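Down below is the structure, laid out as structure tokens.
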Amino acid sequence: YSAPPDALRAAIVERMQRLYGWTIEPDWIVFLPGVVPGLHLAARYLCAPDQHVLVPTPIYQHFKRAVELAPRAHDDVPLVLEGGRWVFDEAQLAKAVRPNSKLLFLCNPQNPGGTIFTRAELGRLAALAERHDLVICADEIHADLLMDEGKPHVPIASLAPEISRRTVTLMSPNKTFNFPAAGVAFAIVEDAALRAAFSSDHHATLHDASVFGYIG
């Protein structure tokens, strides 16, 4: 059995502030063995069996696998290509919302399209989530690997406190520092009820992050 070092929580808090101007608290952090398990936890525990998920596509395959295996009803909402960037079809996304929609998946920066979503684009997406009371699960594992000068990563949860309280942000050092077998990732979840729901599988079927990963 292992416990994440307090120094690791402090390092994550410092890094979010330094890189993104995003102020978080140490107890918002939930450690995971990987980001993919986080997608599965979101599909199963942040969305009831009779609720519905929105999945902007094309997207990393494990988003789809998570809702299919949960299983949860979902709609694929195609992104559109504008000026070489895959962006949200905002009208189509709004039309896809059902009365029982609960979860909105987001991949930011977008995988496989590579889009670095702007603050304005994320703001409109967040406004849609607020209007329809959707939980946002954002995979932001590629946040540190940006190739476009002057286009910073914006964590969607950093936009405003009311957005943070409805968001689960998934991150990991695995991509940035190239140790994907280390077995460590984390979720940042401000809302205590959302954090408890997301963490409810702890030690039931999901194991801890590894000691090697914590130290790495």
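Only one of Phe88, Phe105 is touching a Phe, Trp or Tyr at 6+ places or on another chain (Cβ under 6 Å) and of a type outside the set (Ser, Thr, Tyr); which?
On the way: Phe88 fails: touching a Phe, Trp or Tyr at 6+ places or on another chain (Cβ under 6 Å).
Phe105 is the lone residue from the list that is touching a Phe, Trp or Tyr at 6+ places or on another chain (Cβ under 6 Å) and of a type outside the set (Ser, Thr, Tyr).
From Phe117, Phe179, Phe105, which residue is assigned to a loop (DSSP other than H, G, I, E, B), open to solvent by less than 50 Å² (accessible area, probe 1.4 Å), aromatic (Phe, Trp, Tyr) and more than 22 Å from Val13 (Cα to Cα)? Write out each step before concluding.
Values: Phe179 fails: more than 22 Å from Val13 (Cα to Cα); Phe105 fails: assigned to a loop (DSSP other than H, G, I, E, B).
The conditions single out Phe117.
Taking segment 17-52 as the search range and keeping residues that are touching a Pro at 6+ places or on another chain (Cβ under 9 Å) and in a helix (DSSP H, G or I), which one is least open to solvent (accessible area, probe 1.4 Å)?
Filtering segment 17-52 for residues that are touching a Pro at 6+ places or on another chain (Cβ under 9 Å) and in a helix (DSSP H, G or I), the one least open to solvent (accessible area, probe 1.4 Å) comes out as Ala43.
Under the condition of being in contact (Cβ under 8 Å) with a residue 24 or more places away in the chain and open to solvent by 100 Å² or more (accessible area, probe 1.4 Å), which residue from segment 194-214 is nearest to Ala138 (Cα to Cα)?
His207
Would you be able to say whether some residue in segment 129-142 is open to solvent by 10 Å² or more (accessible area, probe 1.4 Å), under 13 Å from the mean Cα position of the chain (by Cα), within 21 Å of Gln61 (Cβ to Cβ) and free of Cβ contacts under 8 Å to residues at least 60 places away in the same chain?
Yes, segment 129-142 contains a residue that is open to solvent by 10 Å² or more (accessible area, probe 1.4 Å), under 13 Å from the mean Cα position of the chain (by Cα), within 21 Å of Gln61 (Cβ to Cβ) and free of Cβ contacts under 8 Å to residues at least 60 places away in the same chain.
Those residues that are over 15 Å from Ser164 (Cα atoms), surrounded by 17 or more Cβ atoms within 10 Å (Cβ to Cβ) and of a type outside the set (Val, Ile, Thr), I need them from segment 6-16; list them, please.
Of everything in segment 6-16, those that are over 15 Å from Ser164 (Cα atoms), surrounded by 17 or more Cβ atoms within 10 Å (Cβ to Cβ) and of a type outside the set (Val, Ile, Thr) turn out to be Leu8, Arg9.
Just to verify a result, which residue in segment 73-113, among those that are touching a residue at least 12 places away in the same chain (Cβ under 8 Å) and among the charged types (D, E, K, R), is nearest to Asp133 (Cα to Cα)?
Filtering segment 73-113 for residues that are touching a residue at least 12 places away in the same chain (Cβ under 8 Å) and among the charged types (D, E, K, R), the one nearest to Asp133 (Cα to Cα) comes out as Lys102.
Kindly indicate whether Gln110 is open to solvent by less than 50 Å² (accessible area, probe 1.4 Å) and modelled with pLDDT of 95 or more. Let's see the steps before the verdict.
Numbers: open to solvent by less than 50 Å² (accessible area, probe 1.4 Å): yes; modelled with pLDDT of 95 or more: yes.
Yes: the conditions hold for Gln110.
The values are calculated or read from the model by the stated rules, or taken from the named source; none is laboratory data. Remember, predicted model here, so these are calculated numbers, not experimental data. Reconstructed Cβ throughout: ideal geometry from the backbone, glycine too, with neighbour counts over all protein chains shown. With ligands, DNA and RNA removed, areas are computed over all heavy atoms of the protein, side chains included. Shrake-Rupley method; radii C 1.70, N 1.55, O 1.52, S 1.80 Å.
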